[in-house]
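K.L.:
Sending over a structure as structure tokens; questions will come in a sec.
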Amino acid sequence: MPEVTAIPAIEDRKADHIRINLEQNVQFPHVTTGLERYRFVHNAIPEVNLSQIDSTVELFGKRLQAPILISSMTGGAEMANRINRALAEAAQEHGIAMGLGSQRAALKNPEVAYTYQLRDVAPDILLFGNVGAVQLNYGYGIDECRRLVDMAEANALILHFNVLQEAVQPEGDTNFAGLLTRVEDICTRLEVPVIAKEVGWGFSEQNCRDLQNAGIAAIDVAGAGGTSWSEVEYHRAPTARHARIARAFADWGIPTADAILFATRGAPNIPIIASGGLRDGIDIAKAIALGASLGGLAGPFLKAADQTVDHVCDLIIELKAQIRIAMLCSGARDITALQNTPLLKD
């Protein structure tokens, strides 16, 4: 007899994901981001005052106070609402960008739309809506994408690519055939920029080339080395067999540093966002020196937001200071200079 498993409601799945990320070790067991292989050439005579370092950056017409993105995490559950509002309030106070978790839950159940509606506490931030790209093969189109943007009053829409996560989920949507044509249609017709985002396994150079050709406005590489979503799915697997299948992929993926380089070569004409295992401002600075425009963090922000808004603010202040000090000590006066700063490779 085949194993029969109940399909949990999408709201329950969102709550599971938050709980597992907070309570379990879901990092890649062995694969690292690759950023540890790089270091800045220390400049003992930078000829610049720390107070004159300009770490601001512009993306999609918004000026950010630092090249920091609170990466997409959650939504669609009451616990997610509390977390998202803490993140948004801190992002507003410190002038950084934020991505929402997948909004599909709100299309299926409009009663949870409030968990993605944050403009009352964050009227000015650069805010990204979010939905799985694969849903374009399951009936979603331009109307649904517009509803998601309107729901969140978002400045751009993320289409996230999570093929491995979908493949190891018992309830996963696994038809990725012909997706680029549908992505191109959304890019052509949607009124806001469309961002392509992996969720922790990275894009190849050819992937990035294809996405740029399809009209994607920015790429979030989300490489390997941080949270492994196959490990998350391992912890919520309904059967031992599902668990073994998911666990086999614990170290799958393209390390973040390699994914950044792939993106700069494959999509040289659009902004690159670096995420996937970044843990401090030095990691963000390294990612920018490799060619990114922003650095995104998820796990550290989730843990901070689970406490208080002040904890999120403290984390942002620390990241900003680390970025600025890294810029000073490498002689980079602004983000453009940082993007052209050479790195040593171990």
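The values are calculated or read from the model by the stated rules, or taken from the named source; none is laboratory data. Note that the structure is predicted; figures quoted are calculated from it, not measured. Every residue, glycine among them, receives a Cβ derived from its backbone with ideal geometry; neighbour counts consider all protein chains shown.
K.L.:
Restricting the search to region 99-116, which residues are over 20 Å from residue 190 (Cα atoms) and not β-branched (Val, Ile, Thr)?
P.N.:
If the condition is that a residue be over 20 Å from residue 190 (Cα atoms) and not β-branched (Val, Ile, Thr), then 105, 108, 109, 110, 111, 113, 114 are the ones that fit.
K.L.:
Determine if region 228-235 includes at least one residue that is within 25 Å of residue 19 (Cα to Cα), over 20 Å from the mean Cα position of the chain (by Cα) and small (Gly, Ala, Ser).
P.N.:
No, region 228-235 has no match at all.
K.L.:
So, one more: Tell me, which strands (runs of 3 or more DSSP E) lie completely within region 1-117 with 1 or more residues that are in contact with a helix residue (DSSP H, G or I) (Cβ under 9 Å, 6 or more places away or on another chain) and modelled with pLDDT of 95 or more?
P.N.:
38-40, 57-59, 68-70, 97-99
K.L.:
Picking from 253, 215, 225, which residue would you name as being closer than 24 Å to residue 318 by Cα, touching a strand residue (DSSP E or B) at 6+ places or on another chain (Cβ under 8 Å) and of a type outside the set (Ser, Thr, Tyr)?
P.N.:
Within the list 253, 215, 225, the selection yields 225.
K.L.:
From 321, 274, 292, 285, which residue is part of a helix (DSSP H, G or I) and surrounded by 17 or more Cβ atoms within 10 Å (Cβ to Cβ)?
P.N.:
After ruling out the rest, the residue left standing is 285.
K.L.:
Right, something else. Please find, within region 239-252, the residue that is farthest from residue 208 (Cα to Cα) out of those that are out of contact with any helix residue (DSSP H, G or I) (no Cβ under 8 Å at 6 or more places or on another chain) and touching a residue at least 40 places away in the same chain (Cβ under 8 Å).
P.N.:
Taking the candidates together, the pick is 239.
K.L.:
Identify all residues within region 19-41 that are β-branched (Val, Ile, Thr), surrounded by fewer than 21 Cβ atoms within 10 Å (Cβ to Cβ) and within 19 Å of the chain's Cα centre (by Cα); write none if there are none.
P.N.:
Hits for region 19-41 are 20, 32.
K.L.:
Still on this structure: Out of region 309-346, which residues are more than 23 Å from the chain's Cα centre (by Cα) and hydroxyl-bearing (Ser, Thr, Tyr)?
P.N.:
Matches in region 309-346: 330, 341.
K.L.:
Among the numbered criteria (1) in contact with a strand residue (DSSP E or B) (Cβ under 9 Å, 6 or more places away or on another chain); (2) surrounded by 24 or more Cβ atoms within 10 Å (Cβ to Cβ); (3) among the charged types (D, E, K, R), which one does residue 233 miss?
P.N.:
(1)
K.L.:
Which residue is surrounded by the most Cβ atoms within 10 Å (Cβ to Cβ), if the candidates are limited to region 65-82 and must be over 23 Å from residue 321 (Cα atoms), aliphatic (A, V, I, L, M) and touching a Gly at 6+ places or on another chain (Cβ under 9 Å)?
P.N.:
The selected residue is 73.
K.L.:
Then there is this: Out of the residues in region 256-277 that are small (Gly, Ala, Ser) and in contact with a helix residue (DSSP H, G or I) (Cβ under 8 Å, 6 or more places away or on another chain), which is nearest to residue 67 (Cα to Cα)?
P.N.:
Once the filter is applied, the top-ranked residue is 274.
K.L.:
Out of everything in region 47-64 that is surrounded by 12 or more Cβ atoms within 10 Å (Cβ to Cβ) and acidic (Asp, Glu), what residue ends up being nearest to the chain's Cα centre (by Cα)?
P.N.:
Restricting to residues being surrounded by 12 or more Cβ atoms within 10 Å (Cβ to Cβ) and acidic (Asp, Glu), the top hit is 58.
K.L.:
Return the only residue of 290, 294, 315, 278 being closer than 15 Å to residue 196 by Cα and either touching a His at 6+ places or on another chain (Cβ under 9 Å) or modelled with pLDDT of 95 or more (or both).
P.N.:
294
K.L.:
Taking residue 256 and the conditions (1) within 28 Å of residue 214 (Cα to Cα); (2) among the polar types (S, T, N, Q); (3) surrounded by fewer than 24 Cβ atoms within 10 Å (Cβ to Cβ), which numbered condition does it fall short on, given that it satisfies the others?
P.N.:
Tallying (1) within 28 Å of residue 214 (Cα to Cα); (2) among the polar types (S, T, N, Q); (3) surrounded by fewer than 24 Cβ atoms within 10 Å (Cβ to Cβ), residue 256 fails exactly one: (3).
K.L.:
A follow-up question, please. Among the residues of region 124-160 satisfying the criterion of being within 15 Å of residue 97 (Cβ to Cβ) and in contact with a helix residue (DSSP H, G or I) (Cβ under 7 Å, 6 or more places away or on another chain), which is surrounded by the fewest Cβ atoms within 10 Å (Cβ to Cβ)?
P.N.:
It comes out as 124.
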